[in-house]
Amino acid sequence: MIVVMIMGVVYSLSINGLQRSAKGAENVTLMNLKNYMLSLEYEKNVRLLCLDECESCDILVDGVKQETLEKFLDKSVKTYRYEFLQGVHEVKHELYFNQENVEEDVCFSYSIDKQGVGEQVLVEYKKAVYDFTPYFSSTIKYASIQEAVNAREKLIQEVQK
């Protein structure tokens, strides 16, 4: 009786876990993108790659496509990097060649390496700015690029004290 009960509990927990992971991709937003990507199992890196007009974005785990996020972003997304001495500048995405060795336009890209460190970028999308720069905390949302820059500069001043 006890063995059957334990097997039932293990079965229900595994089914719930599978359902949650399947629904996880459906509920990905810029606020939880970093945490979602960190929850995936990978050895080298995990990357979100949006091509052309950002109509769909692929999650690549160690270079292999795992899933596609439809209508996750649109072409209005902009990526910035903040550097203390140079300020904010827009990031130009690297070249991407598909499996047929044809170059494609990268609309948006974000990756996390094997140590769990993500790209240090600010992402502007739909009147909000998402700060992916914190190492040990979740993404922070700001109302504007200037607000994000002010927060970064305040943090730098606190560290310098």
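Quick one: in the range 136-157, which of the residues that are free of Cβ contacts under 8 Å to residues at least 24 places away in the same chain, surrounded by 12 or more Cβ atoms within 10 Å (Cβ to Cβ) and among the hydrophobic types (A, V, I, L, M, F, W, C) is farthest from VAL91 (Cα to Cα)?
LEU155
I need the full set of residues from the range 90-107 which are of a type in the set (A, V, I, L, M, F, W, C), surrounded by 10 or more Cβ atoms within 10 Å (Cβ to Cβ) and part of a strand (DSSP E or B), in order please. Don't jump to the end; show me each part of the working.
In the first step, residues of the range 90-107 are kept if they are of a type in the set (A, V, I, L, M, F, W, C); the result is 91, 95, 97, 102, 106-107.
Still in the running and surrounded by 10 or more Cβ atoms within 10 Å (Cβ to Cβ): 91, 106-107.
The answer is VAL106, CYS107.
Could you grab the pairs with beta carbons closer than 9 Å, sequence gap of 6+ or different chains, first residue in the range 94-120 and acidic (Asp, Glu), second one surrounded by fewer than 13 Cβ atoms within 10 Å (Cβ to Cβ) and part of a strand (DSSP E or B)?
These pairs meet every condition: GLU103/PHE97; GLU104/PHE97.
If you take the residues of the range 113-127 that are acidic (Asp, Glu) and not in a loop (DSSP other than H, G, I, E, B), which of them is nearest to VAL77 (Cα to Cα)? It would help to see each step written out before you state the result.
If we filter the range 113-127 for residues that are acidic (Asp, Glu), which is where we start, we get 113, 119, 124.
Checking the rest, the ones that are also not in a loop (DSSP other than H, G, I, E, B) come to 113, 124.
On the way: ASP113: 22, GLU124: 6 Å.
Residue satisfying both the conditions and the ranking: GLU124.
Taking the residues in the range 45-89 that are surrounded by fewer than 11 Cβ atoms within 10 Å (Cβ to Cβ) and of a type in the set (D, E, K, R) as candidates, determine which candidate is farthest from PHE108 (Cα to Cα). Before the answer, list the steps.
So in the range 45-89, the residues surrounded by fewer than 11 Cβ atoms within 10 Å (Cβ to Cβ) come out as 63-64, 70-71, 83-86, 89.
Filter once more, so that each one left must be of a type in the set (D, E, K, R): 70-71, 83.
Details: GLU70: 14, LYS71: 13, GLU83: 20 Å.
By that ranking, first place goes to GLU83.
Given the residues TYR80, TYR110, TYR130, which is the only one that is of a type in the set (Phe, Trp, Tyr) and either assigned to a loop (DSSP other than H, G, I, E, B) or over 18 Å from ALA148 (Cα atoms) (or both)? Can you show your working first?
Details: TYR80 fails: either assigned to a loop (DSSP other than H, G, I, E, B) or over 18 Å from ALA148 (Cα atoms) (or both); TYR130 fails: either assigned to a loop (DSSP other than H, G, I, E, B) or over 18 Å from ALA148 (Cα atoms) (or both).
Within the list TYR80, TYR110, TYR130, the selection yields TYR110.
A quick yes/no check of all residues on (1) under 15 Å from the mean Cα position of the chain (by Cα); (2) in a helix (DSSP H, G or I); (3) at pLDDT 90 or above:
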| site | (1), (2), (3) |
| --- | --- |
| ILE6 | no, yes, no |
| MET31 | yes, no, yes |
| LYS34 | yes, yes, yes |
| MET37 | yes, yes, yes |
| GLN66 | yes, no, yes |
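The values are calculated or read from the model by the stated rules, or taken from the named source; none is laboratory data. In this text the structure is predicted, and so the values were computed from the model without any measurement. Heads up, the Cβs are rebuilt from the backbone with ideal geometry, glycines too, and the neighbour counts pull from every protein chain shown.
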